[in-house]
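Colleague: This structure is in structure tokens; I'll ask about it shortly.
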Amino acid sequence: MNTKYFLATIIWMVGMNITAQTDSLQSRGLDDVTVTARPSGMLRMGGAENGIKMGKAELFKAACCNLGESFTTNPSVDVNYSDATTGAKQIKLLGLSGIYVQMLTENLPNFRGAAAPYALDYVPGPWMNSIQVPKGASSVKYGYESITGQIDIEYLKPDADPGMTVNLYGNTLSRMEANADGNIHLDEHLSAEVLLHYQDDWGHHDENDDGFLDQPNVRQWNLQNRWKWRGDHYLFHGGLSMVKEKREGGQNHHTAPNSHHPYAIGVETDRYEGYMKHAFILNAEHGTNIALMANASLHKLDATYGHKTYNVDEKTAYAQLMFETNFTEVHNLSAGISFNHDYLTKDDKETTPGIYTQYTYNLAGKLVAMAGVRADHSSRYGTFVTPRFHLKYTPADFLTLRLSAGKGYRTVHALAENTYLLSSGRTLLIDDLKQERAWNYGISSAFYIPLWGKTLKLNAEYYHTHFSQQAIIDYDSDPTLLRITNLQGRSYSNTFQVDATYPLIEGLELTAAYRLNDVKTTYNGRLMQKPLTSRYKGLVTLSYKTPLELWQMDVTLQLNGGGRIPHHLETLDNGQWTTDSRTSFHSYQQLNAQITRWFRHFSIYIGGENLTGFRQKQTIIDAANPWGTTFDPTLVWGPVHGALGYIGIRWNLNNR
């Protein structure tokens, strides 16, 4: 898309705002007027756990092509590329990698092991109804893995109002997407839903002229079929899904200096998944029920990184039988048993049955205490116990305080979870890794302050995570070696965040946030800042809706603080890194903006990402010698491409 035509389109859409209000009244008439109040897009969770819930209104503030792009306006979650060649993305929560965040789809653990590196691309944005992000060690109901928090994705529901939506999207980096979802009510009890997604990235973009594609060409097909049956005493929810994806990256055949023998990256994925939920309501008045939930997946990945290959055929299965009841309005008990099985290879497999119980004391929402404990037995690590505790106290309507403490465990599938490291020319060594163990503690406060006739929402929180056992990636010790090894020493994360939201005028809302990260780990006997991690982050978002909600304008400015680059670069003298950038990277800003025009049955949105144009100029070390031992595209700390523009349209058909 030509940039000048893209900017002209934005100006035209803004100019149309002068006549938009009148045009809409003429087309709709005033015979049937319904006044509605749309809830805020980002809400704080109301229970004992501290966290946020992002609804459709929040997701519509950006293009949100997939899960990884849904956190643009979120001050708590960071998303960046894992490397400069594969297109794999990773999130960070509480200053730590996304592997310490438990991924759930509608309360079922998902996207484990080999699915983790590209999981953020497997969930199309238009499919999502909401995202919940509880922070810290979460409830024991769903397992022992949550260390820094959970991301729970709620898809569109089969029993929602029947209808169909279509979403088309394209951007200036040669990416095109098509999405469709539709559901039907077959009778008063049974409903069905189909979700479709197609993505095609076909460009050959190399903005820094290093001979490598800034992002791989990706073609993905994604299909999901969901069913729901609802009776008076029994509920069923189940479905099947399939993902087929092909990634092609590496050297640009058109500009690579050694295009006769290019360094190529190819990743082909076939993923199949099924899930089911059964709920038997024994006593609706007391919320007494028994539920059986289960899911299973097959994940086949065939990857090539230059001369290296990695193939895996992963099989996972999870099941949980749970009982829950309210003894009174104050006392709640939940208990259950679970089973988890992961099989990657005959040497990398694990079966883990477990049992848990959780008690919640809820005094009219003013005082909520939730204490849980679970015991699990791993076929690899034996029996271990996971305690967790959450407390919420609301002494006044304008103040809410929360405390949390809990332990988490994680089994490391080192190569499956870090396949992007194979793109490096450095030798990869993996030690005999132990089970990861960590404690997480958190405290937060939420204030609701009347100010100039409106309410200022102010939140402050602090979290501390420390590991007694951890698998670390040592980038520092040797410029020709990458090593995944067990922690020998201390490793911890301290994060402090403050954020505020205030409606400046009718329809215009301002959110500002600031977060400090103090993340240190012991590498080769030295306690150092974790590399490639920003020390702070600032965020400001402005969201404006016109009085009739026909236009919506959203702007997000991010300030990402500097951080440490692995110090082995001090020993390299290839002329690609300056003296300053060999030890640290500096702060940088990113600006995103979007304008949405709402019509009766469709909406058009147009916007831009990274409009400041900042990008990490040198994302690959020794790019001219991809077959050498110092070639490394994994030291990415910032954007790999500059500004982009996009445009899309959403159709709402039938009754939606």
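Colleague: Among the residues of the range 469-495 satisfying the criterion of being within 26 Å of the chain's Cα centre (by Cα) and among the small types (Gly, Ala, Ser), which is surrounded by the most Cβ atoms within 10 Å (Cβ to Cβ)?
Modeller: Ser493
Colleague: Taking the conditions exactly as written (modelled with pLDDT of 95 or more, surrounded by fewer than 19 Cβ atoms within 10 Å (Cβ to Cβ) and farther than 30 Å from Pro216 by Cβ), does His286 satisfy them or not?
Modeller: no
Colleague: Looking at the range 407-435, which of the residues that are farther than 30 Å from Asn625 by Cβ and touching a helix residue (DSSP H, G or I) at 6+ places or on another chain (Cβ under 8 Å) is surrounded by the fewest Cβ atoms within 10 Å (Cβ to Cβ)?
Modeller: Here the answer is Leu433.
Colleague: Turning to a different aspect of this structure: Of all residues in the range 86-121, how many are under 21 Å from Ala438 (Cα atoms), among the hydroxyl-bearing types (Ser, Thr, Tyr) and assigned to a loop (DSSP other than H, G, I, E, B)?
Modeller: Total satisfying the criteria: 0.
Colleague: How many residues does the range 49-82 contain that are in contact (Cβ under 8 Å) with a residue 40 or more places away in the chain and part of a loop (DSSP other than H, G, I, E, B)?
Modeller: Of the residues in the range 49-82, 16 are in contact (Cβ under 8 Å) with a residue 40 or more places away in the chain and part of a loop (DSSP other than H, G, I, E, B).
Colleague: Quick one: would you say Ser146 is among the polar types (S, T, N, Q) and crowded, with 23+ Cβ neighbours inside 10 Å?
Modeller: yes
Colleague: Here's another thing I want to ask about it. Can you tell me which residue is surrounded by the most Cβ atoms within 10 Å (Cβ to Cβ) among those in the range 200-234 that are touching a Pro at 6+ places or on another chain (Cβ under 8 Å) and part of a strand (DSSP E or B)?
Modeller: Ranking the candidates gives Phe212 first.
A quick yes/no check of all residues on (1) part of a strand (DSSP E or B); (2) farther than 27 Å from Glu324 by Cβ; (3) in contact with a strand residue (DSSP E or B) (Cβ under 8 Å, 6 or more places away or on another chain):
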residue: Ala84; (1), (2), (3): no, yes, yes
residue: Pro126; (1), (2), (3): no, yes, yes
residue: Pro134; (1), (2), (3): yes, no, yes
residue: Ile153; (1), (2), (3): yes, no, yes
residue: Thr165; (1), (2), (3): yes, yes, yes
residue: Glu177; (1), (2), (3): yes, yes, yes
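Colleague: Of the residues Leu516, Leu504, Leu539, which is among the hydrophobic types (A, V, I, L, M, F, W, C), in contact (Cβ under 8 Å) with a residue 12 or more places away in the chain and surrounded by fewer than 20 Cβ atoms within 10 Å (Cβ to Cβ)?
Modeller: Matching residue, one of Leu516, Leu504, Leu539: Leu516.
Colleague: Which members of the range 344-392 meet the condition of being touching an Asp or Glu at 6+ places or on another chain (Cβ under 7 Å) and aromatic (Phe, Trp, Tyr)?
Modeller: Result: Phe384, single match.
Colleague: Report, by residue number, each residue of the range 92-118 that is more than 27 Å from Pro626 (Cα to Cα) and aliphatic (A, V, I, L, M).
Modeller: Of everything in the range 92-118, those that are more than 27 Å from Pro626 (Cα to Cα) and aliphatic (A, V, I, L, M) turn out to be Leu93, Leu94, Leu96, Ile99, Val101, Met103, Leu104, Leu108.
Colleague: Follow-up question, since we're still on this one. How about the range 155-183: which of its residues are touching an Asp or Glu at 6+ places or on another chain (Cβ under 9 Å), more than 15 Å from Val194 (Cα to Cα) and not hydrophobic (A, V, I, L, M, F, W, C)?
Modeller: Tyr169, Gly170, Asn171, Ser174, Arg175, Glu177
Colleague: Could you list, in sequence order, the residues of the range 630-656 that are surrounded by 15 or more Cβ atoms within 10 Å (Cβ to Cβ), of a type in the set (S, T, N, Q) and outside any strand (DSSP E or B)?
Modeller: Result: Thr630, Thr634.
Colleague: Against the conditions (1) touching a residue at least 12 places away in the same chain (Cβ under 8 Å); (2) out of contact with any Phe, Trp or Tyr (no Cβ under 8 Å at 6 or more places or on another chain), where does Asp187 fall short? Just the number, please.
Modeller: It fails just one condition, (1).
Colleague: Within the range 413-432, does at least one residue satisfy the condition of being under 16 Å from Tyr144 (Cβ atoms), modelled with pLDDT of 95 or more and in a strand (DSSP E or B)?
Modeller: no
Colleague: Restricting attention to the range 270-323, and to residues there that are under 21 Å from Lys346 (Cβ atoms) and of a type in the set (Val, Ile, Thr), which single residue is farthest from the chain's Cα centre (by Cα)?
Modeller: Residue satisfying both the conditions and the ranking: Thr309.
The values are calculated or read from the model by the stated rules, or taken from the named source; none is laboratory data. Since this is a predicted model, take the numbers as computed values, not measurements. Heads up, the Cβs are rebuilt from the backbone with ideal geometry, glycines too, and the neighbour counts pull from every protein chain shown.
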